[in-house]
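A short write-up of the structure that comes next.
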Amino acid sequence: MLAPAMVFAQKKQFTIEEAVMQQRTTLAPKRLAQLQWVKGGSDFSYVDKDKLMYGTIKSKSPVVIITLSELNELLKKVTADTMSRIMGVSWDNKDFFKVTTGNKIVLVDVNLKKGIVCDSVTIPDQALVPELNSSGAIAYVLNDNIFVERNHQSKQVTIDGSRELVYGKSVHREEFGIDKGLFWSRNGNALAFYRMDQSMVTDYPIVDFSENPAMDKLIKYPFAGGKSHEVKVGVYDLVTAKVIYLKTGLPKDHYLTNISWSPDGLSIYLAELNRDQNEMNLNQYDAINGDFVKTLFTEKDEKYTEPLHPIEFIPGNAKQFVWQSRRDGWNHLYLYKTDGSLVRQITKGDWEVIDVAGFDVKGVNIYFTSTINSGINRDFCVAKVSTGKVKRLTSGDGVHTCVFNAEGGYFIDNFSSLNTPRIIKLMDLDGKESQTLLTAENPIKEYATGITKMFSIKSKLGEDLYCRMVLPVDFDSTKKYPVIVYLYGGPHVQLVTNTWLAGGDLWYQYMAEKGFIIFSLDNHGSGNRGKAFEQATFRQLGTVEMQDQLSGVDYLKSLTYVDANRIGVHGWSFGGFMTTSLMTRSPGVFKVAVAGGPVIDWNYYEVMYTERYMDSPDQNPEGYKKANLLNYVDQLKGKLMLIHGTSDDVVVWQHSLMYLKQAVSKNVMLDYFVYPGHLHNVLGKDRVHLMGKISQYFLENL
């Protein structure tokens, strides 16, 4: 009986600092930093501590190309800033790699170890979102205007940029897969860009408490049902130095997404979505004069359609492209002609295409990551474009994160599973191993850890719900333990995957050392399970999700080693909304809860996200009322702590302040903590304090 305790005593225990700050550094599985293919062949490079390594498919021993000290000596010679570590490496070809340091981009000749400063692409220190094109020109945003640097000359493309009129940045609150605002044509002769007029959008104050006196910083925040910003797509011609705008028409508050250039640079394709987000037109525009050319096809959905990916042209065939769609219930690939006619559906089945890596050189095959081997796994696959025949190229249950190399005919397979920290292999396009680059050891083998398990339970609708459970260190099935349910529950997020520690945070292990069970469940509405699974929550956010989470609680209560009177719940953002919902719409189930950055009233959340899943407040008043957590404050039972960053510009601070005021008016006792100056997530060294605060709350009350 003493043996387990003795083993536990010999193992290290995590400090909160280690669990929070080192889980992605010294306590993460070893990786090959910046591992990438070298353009033009099958060579590869990565950074190992202070050395840039270079390898080939045939060689089993990568060699040192340059050390950090050697690189810094070169940077000094060209008056560029030195680096504390090698970062931002990209390859033009096997003879030259590129690094960005300070405001300069430097080419390094790997044969002569000679640094060549690219004066033609030197950018101001304050420049944002730089985009380099194939001919060496760079576009960037400075003071909300676009500039292009080319051949030692700087050109200001727009002149009226401001807080209300923003150029070259991502739009629509970065929904619809949008993550940038500058788009070069393939030949580098033209630049497409977003222009966002948000003058009509509500000004919202973020208070800066670091000033004396405190000051308002006004942001633009489009609330659900309110006025949204108006977006245009401009095109700048480098030869004529003229700007035209695509004639996208009315209504002005529709969504312009998934920008793609035709291979010849003469056309631009946009996925245009109506404000209700239930109808999408894939439209073609003339990139020279901005004229509308045609609508290739329309996608409609009775709930919502959400275009997330631009079209992908077949290599060597400017008249055919691949489009991703969930029109059959699962995200799959469709082959189209540029006249708008469907050639065929390439992939089919009750699984999702997660990400397209690209085509082989001739465009015969398309490569992608998918859930073909279970929703908790990720596999790299190939499909023949002409037939749709799919082959799984990776093996073993787990998550394969792959980097594709069409030119060299290989891919890098970065593999992890519940019990496998990391294995990195080079594979050919038939799925055969070429060489193993890394087999990482268990980085926490010296620490006392709880066993992590993955399994599924049935929802009330009869579908599988994926679950993860971390058992306490030195687990004894004859004892009873408290449980912390950690959840998110919203769209596009999946907590339970078959990766190292099941995707678990080291904080889970920290709490397992304190004697807690940590349990997570991916409910309806969460990501990568198909359209029906996600859309089950439409117009009623929080309701179906809560039913699934309560099914998880029923499962927990069926376990003899779970103390049914000591179950807590914790989540952030949508998870904070879910946590607060569970504490008040199903009172008495949970004893203790911590809700971070919670949405309290969907009327106060952003247009794009909220109206997709809830429709507008005018269209769905009952749904908004039912989901409004201010209506349930007086039903709270147990201990609840709300946490919020005072500068949160995603779920604005007002959400939890409204809840706090309602609690005071209803004489309901709850706990409250804020992080001054922090945005939606508490990051940096203050995150140690955050997780320590959360841990303390559960230790004292659960």
Legend entry - Of all residues in the stretch 342-354 being surrounded by fewer than 17 Cβ atoms within 10 Å (Cβ to Cβ) and either assigned by TED's automatic domain parsing to the domain that holds residue 527 or charged (D, E, K, R) (or both), the one that is farthest from the chain's Cα centre (by Cα): 344
Inset, instruction - Only one of these is in contact with a strand residue (DSSP E or B) (Cβ under 9 Å, 6 or more places away or on another chain) and either over 18 Å from residue 328 (Cα atoms) or of a type in the set (Lys, Arg) (or both): 372, 376, 354, 346. Name it. - result: 376
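Yes/no matrix, rows are residues, columns are (1) crowded, with 22+ Cβ neighbours inside 10 Å; (2) modelled with pLDDT of 95 or more; (3) closer than 26 Å to residue 492 by Cβ:
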position: 370; (1), (2), (3): yes, yes, yes
position: 384; (1), (2), (3): no, yes, no
position: 387; (1), (2), (3): no, yes, no
position: 390; (1), (2), (3): no, yes, yes
position: 393; (1), (2), (3): no, yes, yes
Inset, instruction - Looking at (1) at pLDDT below 95; (2) closer than 27 Å to residue 507 by Cβ, find the lone condition where residue 429 falls short. - result: (2)
Inset, instruction - Within the stretch 655-702, track down each residue that is of a type in the set (A, V, I, L, M, F, W, C), assigned to a loop (DSSP other than H, G, I, E, B) and crowded, with 19+ Cβ neighbours inside 10 Å. - result: 670, 682, 702
Inset, instruction - With respect to residue 483, determine if the residue is aliphatic (A, V, I, L, M), in contact with a strand residue (DSSP E or B) (Cβ under 8 Å, 6 or more places away or on another chain) and assigned to a loop (DSSP other than H, G, I, E, B). - result: no
Legend entry - Pair list, Cβ under 6 Å, 6 or more apart: the stretch 598-613 residue closer than 19 Å to residue 201 by Cα, other residue part of a helix (DSSP H, G or I) and of a type in the set (Gly, Ala, Ser): 602/627
Inset, instruction - Please state which of the following conditions residue 221 fails to meet, knowing it meets all the rest: (1) farther than 23 Å from residue 605 by Cα; (2) out of contact with any Leu (no Cβ under 7 Å at 6 or more places or on another chain); (3) of a type in the set (Ser, Thr, Tyr). - result: (1)
Legend entry - Test: residue 386 is closer than 28 Å to residue 293 by Cα and outside any strand (DSSP E or B): yes
Inset, instruction - Output the strands (runs of 3 or more DSSP E) that fall wholly within the stretch 53-115 and possess 3 or more residues being hydrophobic (A, V, I, L, M, F, W, C), or say none. - result: 63-67, 96-101, 104-109
Inset, instruction - Check the stretch 54-65 and report whether any residue there is at pLDDT below 85 and of a type in the set (A, V, I, L, M). - result: no
Inset, instruction - Test residue 159 against the stated conditions and say whether it is within 28 Å of residue 229 (Cβ to Cβ), among the β-branched types (Val, Ile, Thr) and more than 31 Å from the chain's Cα centre (by Cα). - result: yes
Inset, instruction - Confirm whether residue 481 is in contact (Cβ under 8 Å) with a residue 40 or more places away in the chain, surrounded by 18 or more Cβ atoms within 10 Å (Cβ to Cβ), in contact with a helix residue (DSSP H, G or I) (Cβ under 8 Å, 6 or more places away or on another chain) and among the hydroxyl-bearing types (Ser, Thr, Tyr). - result: no
Inset, instruction - Select from the stretch 89-128 the residues that are loosely packed, with under 13 Cβ neighbours inside 10 Å and in contact (Cβ under 8 Å) with a residue 24 or more places away in the chain and list them in ascending order. - result: 93, 119
Inset, instruction - Filter the stretch 129-160 down to the residues that are assigned to a loop (DSSP other than H, G, I, E, B), surrounded by 15 or more Cβ atoms within 10 Å (Cβ to Cβ) and of a type outside the set (A, V, I, L, M, F, W, C), then identify the one that is modelled with the highest pLDDT. - result: 158
Legend entry - Single unsatisfied condition, residue 563 versus (1) closer than 15 Å to residue 591 by Cα; (2) buried (at least 19 other Cβ atoms within 10 Å of the Cβ): (2)
Inset, instruction - Only strands (runs of 3 or more DSSP E) wholly contained in the stretch 191-306 count here; list those with 2 or more residues that are crowded, with 21+ Cβ neighbours inside 10 Å and assigned by TED's automatic domain parsing to the domain that holds residue 171. - result: 230-237, 255-261, 267-273, 279-286
Legend entry - So residue 590, is it assigned by TED's automatic domain parsing to the domain that holds residue 678, in contact with a strand residue (DSSP E or B) (Cβ under 6 Å, 6 or more places away or on another chain) and among the aromatic types (Phe, Trp, Tyr): yes
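The values are calculated or read from the model by the stated rules, or taken from the named source; none is laboratory data. Since this is a predicted model, take the numbers as computed values, not measurements. Because the Cβ atoms are built from the backbone with ideal geometry, glycine has one as well, and the counts that use them run over all protein chains shown.
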